[in-house]
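Participant: Provided herewith is a single structure, encoded as structure tokens, for subsequent inquiry.
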Amino acid sequence: MTTLTLTTPAVTEVQPSRNLLRDIRIVMTRELKPVLRDPFSLLFGMIQPLIFLALFGPLLAGSMGGAFDAGVWQWFVPSILVMTTLFGTSATGSNLLFEFQTGAHERMLVTPLSRSSLLIGRALKEMVPLFGQAVIVIAVMTPFAFDLHVGGAVVGLALLGVFGVGLGSFSYALAIAVRKQDWMFWVVQQTFLFPLMILSGMLLPLETGPGWMRVASKFNPLSYLVDAERSLFSGDVLSSAVLWGWAAAIVTAALGLTVGIRAMLRSAA
């Protein structure tokens with residue numbers, strides 16, 4: 001009598017982290033395709049930080065040039081990169097509002113893509129033009145007494161990426177919350193955006209401001225990010241400001257992903 005032995009084919013287990021990275025790549029590639037099809041908007045986005053530097057930088061240098069030990073541009077160029085990250089990632093939810101109208105968001109939710117990849121991929125899509133802008137800004141400003149420290153700049157861009165994921169996730173959650181009144185998205189976004197900018201010391205030093213502004217800046221995570229970027233672009237990679245900046249970025253990313261995923265799950269229920 002012959003005994004038949006049934007064997008189960010070996011199943012290769014795919015690590016969850018590898019799945020997540022694959023899903024992030026899929027989402028980011030999907031989000032980048034419309035950007036690449038519109039080269040005019042991409043080109044204008046690359047030039048926009050230079051316009052701001054050209055118009056605002058000389059005013060800052062003329063009025064408060066003596067207040068900066070490391071030079072005005074060493075102080076101001078990192079601020080422009082943080083500002084670009086703030087504008088780009090905080091508007092991530094605006095694209096989602098359009099997808100609500102077309103039904104594309106609902107179709108994405110029924111795919112096997114992880115929920116966190118939908119948030120991270122969208123936010124990282126905004127970081128791709130930022131890296132291009134950073135290269136252009138640094139290349140243009142280097143002849144104008146801006147000292148480039150490559151190691152610090154690379155770490156600074158990575159730090160902006162982590163913060164951008166958190167802020168983009170908050171923007172995603174805001175879009176879901178106001179999807180039936182999409183005009184509210186820009187009202188809320190602008191209401192929070194400019195106070196965060198001013199209270200971070202991004203455009204003007206807060207040391208000369210009133211005491212209540214200096215106290216309020218201590219509760220603004222963006223102020224720690226700005227200080228960290230200035231230290232990094234000055235080559236001071238191991239300063240306490242950099243550690244506080246990473247702490248603020250990681251907390252923002254963790255909270256943003258938590259809020260964004262919960263909002264997404266509720267919208268799909």
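Participant: Any idea which of VAL178, VAL165, VAL242 is open to solvent by less than 30 Å² (accessible area, probe 1.4 Å) and touching a Ser or Thr at 6+ places or on another chain (Cβ under 6 Å)?
Facilitator: Just a single option satisfies the conditions, and that option is VAL242.
Participant: Restricted to segment 218-239, and to residues that are among the polar types (S, T, N, Q) and either touching a Leu at 6+ places or on another chain (Cβ under 7 Å) or open to solvent by 30 Å² or more (accessible area, probe 1.4 Å) (or both), which residue is modelled with the lowest pLDDT?
Facilitator: SER234
Participant: Still on this model: Right, PHE87: modelled with pLDDT of 85 or more, open to solvent by less than 20 Å² (accessible area, probe 1.4 Å) and not hydroxyl-bearing (Ser, Thr, Tyr) or not?
Facilitator: Taking the combined requirement at face value, the residue does not satisfy it.
Participant: Please identify the pairs in which a residue from segment 235-263 that is in contact (Cβ under 8 Å) with a residue 12 or more places away in the chain and within 25 Å of PHE146 (Cα to Cα) has its Cβ atom under 6 Å from the Cβ atom of a residue that is open to solvent by 50 Å² or more (accessible area, probe 1.4 Å) and part of a helix (DSSP H, G or I), counting only partners at least 6 apart or on another chain.
Facilitator: Qualifying pairs under 6 Å: ALA241/ASP227; TRP244/TYR224; GLY245/TYR224.
Participant: Give me a count of the residues in segment 139-177 that are over 30 Å from ARG266 (Cβ atoms), in a helix (DSSP H, G or I) and among the hydroxyl-bearing types (Ser, Thr, Tyr).
Facilitator: 0
Participant: Exactly one condition in (1) within 25 Å of VAL72 (Cβ to Cβ); (2) of a type in the set (A, V, I, L, M); (3) modelled with pLDDT of 90 or more; (4) open to solvent by 80 Å² or more (accessible area, probe 1.4 Å) is not met by VAL215; state its number.
Facilitator: (1)
Participant: Search segment 90-105 for residues being of a type outside the set (Gly, Ala, Ser) and either in contact (Cβ under 8 Å) with a residue 12 or more places away in the chain or in contact with a Leu (Cβ under 8 Å, 6 or more places away or on another chain) (or both), and hand back the single one that is most open to solvent (accessible area, probe 1.4 Å).
Facilitator: Ranking the qualifying residues of segment 90-105, first place goes to ASN95.
The values are calculated or read from the model by the stated rules, or taken from the named source; none is laboratory data. Just so we're clear, the structure is a prediction, and the values are computed from it rather than from any experiment. Glycine also receives a Cβ, built like all others from the backbone with ideal geometry; neighbour counts cover every protein chain displayed. Only protein heavy atoms, including side chains, enter the accessible area calculation; ligands, DNA and RNA are left aside. Shrake-Rupley method; radii C 1.70, N 1.55, O 1.52, S 1.80 Å.
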